[in-house]
Amino acid sequence: MQRPRFILASASPARRRLLQGAGIDPVVMPSDFDEDQIVMNNAAELVQALARGKAEAIAAQLPHDNANWLILGCDSVLALHGEIHGKPAHAQEAIARWQQMRGRVGELYTGHVLIDGRQGKTLSRSQMTQVQFAKVSDRQIAAYVATGEPLNCAGCFALEGQGGFFVEQLVGCHTNVIGLSLPLLRSMLADLDYDIIDFWQP
């Protein structure tokens, strides 16, 4: 049986690079899903709802008479002492956020939704990783925000970029912090009776 097309419903370069580095070359189809329409106080439920919205928006655009495709939708937020944060709106917000984050432990949640067009099934999961932030100085915060990197990231940092210097420790899945949990994706595919190695590029 022909393997389904693997579609990433995200514009995130980090998620694309993560999959490509792990041997999967996805078809990238960013959704125009309006994330502001979903408001929840539970971080795990919020990221799953956002990921589902992205994946379903792409599924609505694809043929269902020959639905040989798998869609992965993902979304991430950072919870810090019960408050949920997404991408900062501007540099001033990023600076204020880092002043709150430094020296503390945050919880990075990523929602994962897989829609299997062939089987007509949808799986939804979330993963949480604890992040210990370094006690960075105001000067370091200003310099980091000036790079522009934090403005493009949920949680205001990129683990795989310059933000990695300011993370002391992770408890849990590290790829989850980058944008998607590779172990969780493997498990979700197995629940749909797929083997992850069948999606590896030759």
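The values are calculated or read from the model by the stated rules, or taken from the named source; none is laboratory data. Everything quoted here is computed from the prediction, not taken from an experiment. Neighbour counts run over all protein chains shown; Cβ positions are idealised from the backbone, glycine included. Remember, those area values only see protein heavy atoms, side chains included, never the ligands or the DNA or RNA. Shrake-Rupley method; radii C 1.70, N 1.55, O 1.52, S 1.80 Å.
Scoring residue 118 on the criteria (1) open to solvent by 50 Å² or more (accessible area, probe 1.4 Å); (2) in contact with a helix residue (DSSP H, G or I) (Cβ under 7 Å, 6 or more places away or on another chain) leaves a single failure, condition (2). In the stretch 146-166, the residues that are crowded, with 19+ Cβ neighbours inside 10 Å reach residues that are of a type in the set (Asp, Glu) with C-beta atoms within less than 7 angstrom, at least six apart or across chains, in these pairs: 158/149; 163/149. For beta carbons closer than 9 Å, sequence separation of 6+ or different chains, a first residue in the stretch 37-66 that is without any contact (Cβ under 8 Å) to a residue 24 or more places away in the chain and a second that is open to solvent by 90 Å² or more (accessible area, probe 1.4 Å), the qualifying pairs are 53/37. Scanning the stretch 38-55 for residues that are under 18 Å from residue 9 (Cα atoms) and not β-branched (Val, Ile, Thr) gives 46, 48, 49, 50, 51, 52, 53, 54, 55.
Can you name every one of the strands (runs of 3 or more DSSP E) wholly within the stretch 1-101 that holds 2 or more residues which are open to solvent by less than 20 Å² (accessible area, probe 1.4 Å)?
Values: elements: 5-8, 69-80, 83-85.
Result: 5-8, 69-80.
Of all residues in the stretch 167-191, those being surrounded by 17 or more Cβ atoms within 10 Å (Cβ to Cβ) and either among the acidic types (Asp, Glu) or in contact with a Lys or Arg (Cβ under 8 Å, 6 or more places away or on another chain) (or both) number 5.
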